[in-house]
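Engineer: Provided herewith is a single structure, encoded as structure tokens, for subsequent inquiry.
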Amino acid sequence: MDYIMLMFMSMLPIIELKGAIPIGITSGLNPVLVYIVCVIGSTLISIPLIITFRSILKILKQNKLFYKVGNKIDRTINNRMKKLKSITIFGLMIFVGVPLPTTGSWTGSAIASILKMRIKDALIGIFLGNALCGAIVLMFMLYLT
């Protein structure tokens, strides 16, 4: 039951896996299982987030107030997408993998939505970033304890 709670905790926007891993380790749970559960939870939340963010962006582009801004962002991204395509998975992985505030699955999902990444590519980048971030946080926590 503790691991399920950690999985859901790693899905929360402020806590994510950067907070869930230390909570699990300080609770005396198995560090390897804590890492696996938190990476899975933090990655799974990305699917509904990407879909939701895409819907929000679509609604904003239909709104007269945000129409110009939305179209300008679309044009800029479409013009540069050929260059971005090759680095987006790696870039997303690095962005999500840095264990700093605001660099997690939630922000990574928003970036993937803005860049119109395929869900598969976005999930790969977010998963690899979560795995990297989780490993850094896990090593730090094991070093402290």
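All of the numbers you see were taken from the coordinates with simple rules; none came from a lab. From a predicted model like this one, the values you see are computed outputs, not experimental measurements. When we count neighbours, we look across all protein chains shown, and the Cβ atoms used for this are built from the backbone with ideal geometry, even at glycine.
Engineer: Give a residue-ordered list of calculated ³J(HN,Hα) values for segment 31-44 (Karplus: 6.51 cos²θ - 1.76 cosθ + 1.60, θ = phi - 60°; whole Hz; x for Gly, Pro).
Structural biologist: x, 5, 5, 4, 4, 4, 5, 5, 5, 4, x, 5, 7, 4
Engineer: Please arrange Cys133, Cys38 by how many other C-beta atoms lie within 10 Å of their C-beta, fewest to most. Show your work: numbers first, answer last.
Structural biologist: Details: Cys133 27, Cys38 31.
Listing Cys133, Cys38 from fewest to most nearby Cβ atoms yields Cys133, Cys38.
Engineer: Ordered by residue, what ³J(HN,Hα) values in Hz, to whole numbers, does segment 47-60 give under the Karplus form 6.51 cos²θ - 1.76 cosθ + 1.60, where θ = phi - 60° and Gly and Pro are x?
Structural biologist: So the Karplus estimates, Gly and Pro as x, are 4, x, 5, 4, 5, 5, 4, 5, 5, 4, 4, 5, 5, 5 Hz.
Engineer: Averaged over all directions, how much area does the convex hull of the C-alpha atoms of the chain cover when projected, in nm²?
Structural biologist: 8.9 nm²
Engineer: Take Thr76 and Ile94, extend 7 Å from each Cα along the Cα→Cβ direction, and tell me the distance between the two endpoints in nm.
Structural biologist: Label at Thr76, label at Ile94, 2.0 nm between them.
Engineer: Can you tell me what percent of all Cα-Cα pairs in segment 89-138 are more than 13 Å apart? Show your work: numbers first, answer last.
Structural biologist: Numbers: 551 of 1225 pairs.
Distances greater than 13 Å cover 45 percent of the Cα pairs.
Engineer: Any idea how far apart Thr26 and Ile87 come out in nm if each label point goes 7 Å out from Cα toward Cβ?
Structural biologist: 3.8 nm
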